[in-house]
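Encoded as structure tokens, the structure appears first; notes follow it.
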Amino acid sequence: VVTKSGTFKPTSEQAAIVSAFKRGGDLVINAGAGTGKTSTLKMVSGAVPKKSLVYIAYNRAVADESGRSFPENTHCATAHSIAFRAVGRAYAHRLNSSRMPSRMVAARLGTAAIGLGSVLAPLSASKAASLTMAMVSNYCYSADNEVQARHLPRITGVERPVWEHVGHELLPYARKAWADITDVDGTLPFQHDHYLKLWALSRPRLAYDVVLLDEAQDTNPALAKVVDEQREAQRVLVGDQAQAIYGWRGAIDAMESFEGERLVLSSSFR
């Protein structure tokens, strides 16, 4: 709401959020589309000018735009940019390397063909290598400390017992792949989600009084765990629980299980 003087007057919902925030507890804010989520977070930051905050945005464009408009006490960044400064820069020379064909991955890992029973054709060594790297990707999205057989993606048309068998067969190769990926001199392709996972595994402590997590309904478990472990900071999770779209990438609704006072932004300005 804009007053005659041109300043913004908070809605009753925004005022309730700022008031709850100033009490110092963790918050979970379910913000519908067009309800003034960003302006509310700016009000939250402005309410504690002597505290340091980090606003974790979902992508770089949002982080850059927010950095130009949030109060000076708030550092706006993506989780990947924070992780890169802490861990990823050591692997910068391996980023954006050319794609490696599955047959080459198979040669480097030593994967072999795997039988799928008497009905289905066996997995080729190249397919086994491709699934191995997919296991590593799923592990990186997860909150787990080690690669597990359950990180194998489901294989269409393959029954669970056979799928579990394949997972156990590929597990040594997945762990070998992760060992190569985490070696600064490794030879397998290195992706941005790899250094994010390494950062999460280091159990980082963010040097801020307050952690604001945006798009919390689509947070991968690795990042959700990092935020959950910032027990010395006040944490504010914000998102639209009706707009979760990245479950296929292992994302979860971090708002669902997070313990904090629950508030809403429901009045759309659109």
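The values are calculated or read from the model by the stated rules, or taken from the named source; none is laboratory data. Quick caveat: nothing in here was measured; it's all calculated off a predicted structure. Glycine gets a Cβ as well: all are built from the backbone with ideal geometry, and neighbour counts include every protein chain shown. Ligands, DNA and RNA are stripped out before the accessible areas are found, and what is left, the full protein with its side chains, is counted by its heavy atoms. Shrake-Rupley method; radii C 1.70, N 1.55, O 1.52, S 1.80 Å.
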Problem set entry | Check: the chain dipole with +1 on Lys, Arg Cβ and -1 on Asp, Glu Cβ, in debye | 540 debye
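Could you please report the charge total around Phe84, scoring K, R as +1 and D, E as -1 over all other residues with beta-carbon less than 13 angstrom from its beta-carbon? Before the final figure, lay out each step's value.
Working: positive: Arg60, Arg85, Arg89, Arg94, Lys197; negative: Asp193.
Surrounding charge for Phe84 is +4.
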Problem set entry | Radius of gyration, Dmax [the range 71-194; alpha carbons; angstrom] | 16.9, 65
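Ranked highest first by average number of other Cβ atoms within 10 Å, how do 223-229, 69-75 line up?
Details: 223-229: 20.9, 69-75: 15.6.
Highest to lowest by the protection proxy: 223-229, 69-75.
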Exercise. Once both labels are modelled 7 Å past Cα along the beta-carbon direction, what's the Ala61-Arg160 spacing in nm?
Worked result: 4.1 nm
Exercise. Where does helix 160-181 land angle-wise versus the long Cα axis of the chain, in degrees 0 to 90, nearest 10?
Worked result: 80 degrees
For this session: Grab the other residues whose beta carbon is less than 15 angstrom from that of Pro161, score K and R as +1, D and E as -1, and report the net.
Result: 0
Exercise. Looking only at Cα atoms, what is the convex hull volume of the range 1-102 per residue, in Å³?
Worked result: 175 Å³
Exercise. With point charges of +1 on the Cβ of Lys and Arg and -1 on the Cβ of Asp and Glu, referenced to the Cα centre of the chain, which listed residue (Val238, Thr74, Ala207) lies farthest in the positive direction of the dipole?
Worked result: Thr74
For this session: In Å and from the alpha-carbon atoms only, list the Rg and Dmax of the range 37-90.
Result: 11.7, 37
Exercise. Looking at the range 100-150, what % of the alpha carbon pairs are farther apart than 18 Å?
Worked result: 41 percent
Exercise. Ratio of the range 64-132's C-alpha Rg to 2.2 N^0.38 Å, to two decimals?
Worked result: 1.92
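Place the peptides 59-65, 259-265 in order of packing, highest mean first, counting for every residue the other Cβ atoms within 10 Å and averaging per peptide. Could you put the intermediate results ahead of the total?
Values: 59-65: 13.6, 259-265: 16.1.
Result, highest mean first: 259-265, 59-65.
Report the full-extension gain for the segment Glu232 to Val18: residue separation times 0.36 nm, less the Cα-Cα distance, to one decimal in nm.
Details: separation 214, 0.36 × 214 = 77.04 nm, distance 1.99 nm.
That works out to 75.0 nm of additional length.
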For this session: Divide by every residue of the chain the summed helix terms, -39500 (n - 2.57) for each DSSP H run of at least 4, and state the resulting mean residue ellipticity at 222 nm, rounded to the nearest 500 deg cm²/dmol.
Result: -11500 deg cm²/dmol
Problem set entry | 16 Å cut-off, amide nitrogen to a point 7 angstrom out along Ala121 Cα→Cβ, residues in the range 143-168 | 156-158
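If I take every Cα pair under 8 Å that is 6 or more residues apart in the chain, average their sequence separation and divide by the length, what percent do I get for the relative contact order?
Values: 438 pairs, mean separation 78.5, N = 270.
For the chain, the relative contact order is 29 percent.
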Exercise. Which whole-percent values make up P(r) of the chain when all C-alpha to C-alpha distances are grouped in 10 Å steps starting at zero?
Worked result: 7, 26, 28, 19, 13, 6, 1, 0
Problem set entry | Integer Hz, Karplus 6.51/-1.76/1.60 couplings in order for the range 195-200, x for Gly and Pro | 6, 5, 5, 4, 5, 4
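Pop the C-beta distance of Ala143 and Ser52 into the FRET formula with R0 = 25 Å and round what comes out to the nearest 0.05.
Working: r = 26 Å, r/R0 = 1.05.
After rounding to 0.05, the efficiency reads 0.45.
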Exercise. So how far apart, in nm, are the two label points at Thr187 and Ser69 if each is 7 Å from Cα heading toward Cβ?
Worked result: 5.0 nm
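At a 1.4 Å probe, what is the % contribution of carbon and sulfur to the accessible area of the chain? If you can, show how the numbers build up before the last one.
On the way: 7250 of 13970 Å².
Heavy-atom surface of the chain belonging to carbon and sulfur, 1.4 Å probe: 52 percent.
Looking at the square roots a ≥ b ≥ c of the eigenvalues of the Cα gyration tensor of the range 149-243, which shape do they give, rounded for a/c under 1.5, prolate if a/b is larger than b/c, or oblate?
Working: a/c = 2.84, a/b = 1.53, b/c = 1.85.
Because a/c hits 1.5 or more and a/b fails to exceed b/c, the range 149-243 counts as oblate.
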